[in-house]
Amino acid sequence: MLVLLGAGAPGGPASFPDTDGLPRSAAVYPDQRIALAFSHRQHLAKAMWCGLCHTAAISSDSSRDRLIPPEAKCAECHAIQDALAGKPTQVPSTCRTCHPGFDETAFRAPQASFFPRAALRFSHARHLALKIQCVECHGSYEKVDLATRAQLPKMATCLVCHDGRRAPDRCDTCHPAALDARGTRIQTDLPGGQLRPGRTNPLGLDHGPRYDRTHALAASRSRETCLVCHAERSCTACHDATAKPQAVHPGDYVSSHAVPARMNQPRCDTCHRRQSFCVACHERVGVGRNADAPFYVPQHRVHPPPEVWWMNPGPQHHGVQAARNIGQCASCHREEECTQCHATAASRPDFPSGINPHPPGFAASCRSLFAKNSRACAKCHALDEAALGPCK
């Protein structure tokens, strides 16, 4: 089970302060619009109990039930009709008593209040049958006038009883869930906003800012917990590299990505495919030998001069660099660029003077490598040549 903090509803955050200083989830408890004046404190001072006004709560078995007392319930004590007729009443009973600023002469209905249904599965009747008092979930109202979302129970309150022993602790006990191909999952797209764990949840899964950078550790520790809400498609939406989430890289990252890419290329590879993503982008902007001619800029050279890069057998030679990190080469170059020089005459009749890239004595291990993966040999060699020529 998770303590949840959701995005606000279109109406904006409620203006009521929370009694415990912590926000309620707008996804679970959508924002209210309360155009009423009421004092629980004054009513409780007259020894009235909650069920006297909230009669519907006694038999309510769903959080979708409307439990706000209707005007007819108020009229049992407040002589509204007598007040409208100008007669004296024992308690204040005019329209303005509950509807501040109401003008009877304007012939308009009072401003409407809006109490959206909570996105929870809950039964007041079941809890009352277990002798659970209202104050155990909603807190004391002795000092509260108008009740708001601040008096709705938070998950920490629920967990006092829902610990897996006295009461079930499964998430779908309280949170709406749906059945899909992989089982029951908690619904996260709710009318009040996106359901996500907040900073006060007991599992420490705060889905706050930059959680996209820190979620890997939590996911590796408790994958089953993640799967309570997230399907596999939630992961592949980012990790299959078909689209880059806007939150991953800062703005204008393209102008500075070269440095982190050279420092930690495997991290880049978790999202980006070098041959289809990196090379294609470099060629479109004129970086790389296969770039479109109108975009190719010779000054975009990332290697030493040709006499060093191609001819000098020293540490700056491209063969030495490729042996150190062939993956880095592949971030710009395609295999056909290598085979232009390194293919043999049998596989490239148009280039008979192929350059052997293998070190001395390579023939001793050639046959075993060919047996493991002949396709790698076929990049430069004809298969019959690889099987019978260099390896014999």
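Quick look at the values:
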| item | result |
| --- | --- |
| Residue 163 versus residue 143: modelled label distance in nm, points set 7 Å from Cα along the beta carbon direction | 2.8 nm |
| Packing rank of 55-64, 249-258, where each peptide gets the mean count of other beta carbons within 10 Å, highest leading | 55-64, 249-258 |
| Which of 155, 263, 48 has the fewest Cβ neighbours within 10 Å, and the rest in rising order | 263, 48, 155 |
| Difference of contour (0.36 nm per residue) and Cα-Cα distance, residue 37 to residue 322 | 94.9 nm |
| Å³ per residue enclosed by the Cα convex hull of segment 89-174 | 155 Å³ |
| Net charge contributed by nearby residues that have their C-beta within less than 13 Å of residue 41 (K/R +1, D/E -1) | 0 |
| Sequence-distant residues sharing a close amide H with residue 177 (under 5 Å, placed H) | 187 |
| Residue 45-residue 217 FRET efficiency (beta carbon distance; Förster radius 51 Å; 0.05 resolution) | 0.45 |
| Charge sum, other residues only, whose C-beta stays under 15 Å from residue 100's C-beta, Lys/Arg counted +1 and Asp/Glu -1 | 0 |
| Additional length obtainable on full extension of the chain from residue 64 to residue 102, 0.36 nm per residue less Cα span | 10.8 nm |
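Just so you know, all these numbers are worked out from the coordinates, no wet-lab data involved. Treat the numbers as computed from the prediction; the structure is a model and nothing was measured. Because the Cβ atoms are built from the backbone with ideal geometry, glycine has one as well, and the counts that use them run over all protein chains shown.
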